[in-house]
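The values are calculated or read from the model by the stated rules, or taken from the named source; none is laboratory data. Keep in mind it's a predicted model, so treat the numbers as computed, not measured. Glycine also receives a Cβ, built like all others from the backbone with ideal geometry; neighbour counts cover every protein chain displayed.
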Amino acid sequence: MSSLLLRPRLLTRGGRALSLLGGGRGASDSLSGVHPVARRSIIDLSYSAHFMDFAGSSIPSSMSKLVVTKLSPDFREAVCVQSVAVPTPGDAELLVRNRFVGINASDINYSAGRYDPSLKPPFDAGFEGIGEVVGLGLSASSRYTVGDNVAYFRSGAFAEYTVVPAKECVPVPAVKPEFLTLLVSGATAYIAMKRLGDLAEGETVLVTAAAGGTGQFAVQFAKQAGCHVIGTCSSNEKAGFLKSLGCNRPINYTTEDLAKTLRKEYPKGVNVVYESVGGSVLEVAVNTLANKGRLIVIGFISGYQTPSGIPQFRGGTLPVKLLQKSASMRGFFLPHFYSDYREALSSMMQMFATGKLVCEVDYGDQAEGGRFVGLESVFRAMDYMYSGKNLGKVVVEVAPPAVSNSKL
């Protein structure tokens, strides 16, 4: 029997998807002028678990995805492209055709097996994606329909198609990569600053790697709190970008000595540090803390590509330095703050919609080899980000917009 016969075909009316189960979301029972007491199926399809819009979405039988086949901090060594069957969504799941995926520094930690030691290869790579719903389970159809735009934060994003639990998807008004920047990078800055920063108007905030994916948001949230913001970066172009975000003092560490500049211009220290570099930069951050200062560690990218994953840090006197200043140093790992996640996304999307939040995206137009298009370009995008050349969030366009060939 054809697989098409095992899955309820979707019809469309006015751009909305309708199943043959007696009407989908937005369907009317009054089309024939009859108003039945209760809906009933035209035919019994209770055995079916999912809808797949084969005609309208042109779903292929196979797809490409990136799979971690060997644990290594070398992403190219750890990950390979595989061709597999397009997965089928379960009852409460969506099948998403990925349009864009986000590149994160922590992708290397994941491929090295540092987050979950019990996870053994092979396993899927990638954390965040955005695209269109092209298939869904029966219970998932109560909230979504084919053609809906969604974003998600879940492993397995580096693929042409990804199955995602409906409850973990975020509806978005359009498949724009700007929304993708909010899932991990934006949420990390928003929640960390809110929960751990304890920002007060007039305080001084230092953001390291400020022109990067998450740094750009930390700068903006600190400014919104009425703080004086210092941002480190590696070029004059990035310094100009930071000024456009409201950063009071961009510091290009390739032309200025970071430690000397901070000592000279901020002799009383800084109140809050949003730190993602580690190593010697973390040492400077600790030394520049003011009394009752708060240092938030959201990562240490300078060590991720090493065997240990941890950059060298001279922290022997750390307890003394914190004690002398009544300062604190706290770590932030986004999965530990899921209870704050929905509120953070909702707030940021509202700010973006009203022009109160900049979501800078780097498509790789200035990278060697050009714009990051196609799943294979994830490798180039990773190299590009780790070279420190990106301005904003690095994204890869997995596929161009779909064009429906459906005549229904």
Point to revise | Residue match in the range 195-209 (condition: assigned by TED's automatic domain parsing to the domain that holds G240 and closer than 30 Å to V67 by Cβ) | key: yes
Revision key, fill the gap. Considering the range 66-84, residues that are free of Cβ contacts under 8 Å to residues at least 60 places away in the same chain and touching a Ser or Thr at 6+ places or on another chain (Cβ under 6 Å), and then whichever is surrounded by the most Cβ atoms within 10 Å (Cβ to Cβ), we arrive at V68
**Study point:** Set V277, V273, V281, V320: member being of a type in the set (A, V, I, L, M, F, W, C), more than 18 Å from C227 (Cβ to Cβ) and not in a helix (DSSP H, G or I)
**Key:** V277
Review point. Looking at the range 261-268, is at least one residue under 21 Å from V395 (Cβ atoms) and either assigned by TED's automatic domain parsing to the domain that holds R330 or free of Cβ contacts under 8 Å to residues at least 12 places away in the same chain (or both)?
Key: no
Exercise for review: Can you tell me which residue within the range 284-301, out of those that are in a strand (DSSP E or B) and small (G, A, S), is surrounded by the most Cβ atoms within 10 Å (Cβ to Cβ)?
Suggested key: G293
Exercise for review: Considering each of R195, R249, R263 in turn, give the residue that is of a type outside the set (G, A, S), surrounded by fewer than 19 Cβ atoms within 10 Å (Cβ to Cβ) and within 24 Å of the chain's Cα centre (by Cα).
Suggested key: R195
Check your understanding: Using beta carbons and a limit of 8 Å, which pairs, at least six apart or on different chains, have the first residue in the range 309-334 and outside the structural domain of D107 (by TED's automatic domain parsing) and touching a residue at least 60 places away in the same chain (Cβ under 8 Å) and the second one surrounded by 13 or more Cβ atoms within 10 Å (Cβ to Cβ) and assigned to a loop (DSSP other than H, G, I, E, B)?
Key -> G309/P73; G309/A112; G309/R114; F332/I298
Exercise for review: For the range 211-219, indicate whether the set of residues that are at pLDDT 95 or above, assigned to a helix (DSSP H, G or I), aliphatic (A, V, I, L, M) and closer than 27 Å to A157 by Cβ is non-empty.
Suggested key: yes
Revision key, fill the gap. Of the residues in the range 149-172, those that are surrounded by fewer than 23 Cβ atoms within 10 Å (Cβ to Cβ) and either free of Cβ contacts under 8 Å to residues at least 40 places away in the same chain or among the small types (G, A, S) (or both) number 7
Practice item. Give the range 339-372 a look and list any residue that's outside any loop (DSSP other than H, G, I, E, B), surrounded by 15 or more Cβ atoms within 10 Å (Cβ to Cβ) and hydrophobic (A, V, I, L, M, F, W, C), or say none. Key: A344, L345, M348, M349, M351, F352, V361
Review point. Of the residues that make up the range 309-317, is at least one over 23 Å from Y274 (Cα atoms) and in a loop (DSSP other than H, G, I, E, B)?
Key: no
Exercise for review: Take the range 234-255 and flag every residue that is assigned to a loop (DSSP other than H, G, I, E, B) and either of a type in the set (S, T, N, Q) or in contact (Cβ under 8 Å) with a residue 60 or more places away in the chain (or both).
Suggested key: S234, S235, L245, N248, T254, T255
Exercise for review: Please indicate, with yes or no, whether at least one residue in the range 184-194 is of a type in the set (K, R), outside any loop (DSSP other than H, G, I, E, B), in contact (Cβ under 8 Å) with a residue 40 or more places away in the chain and over 20 Å from G212 (Cβ atoms).
Suggested key: no
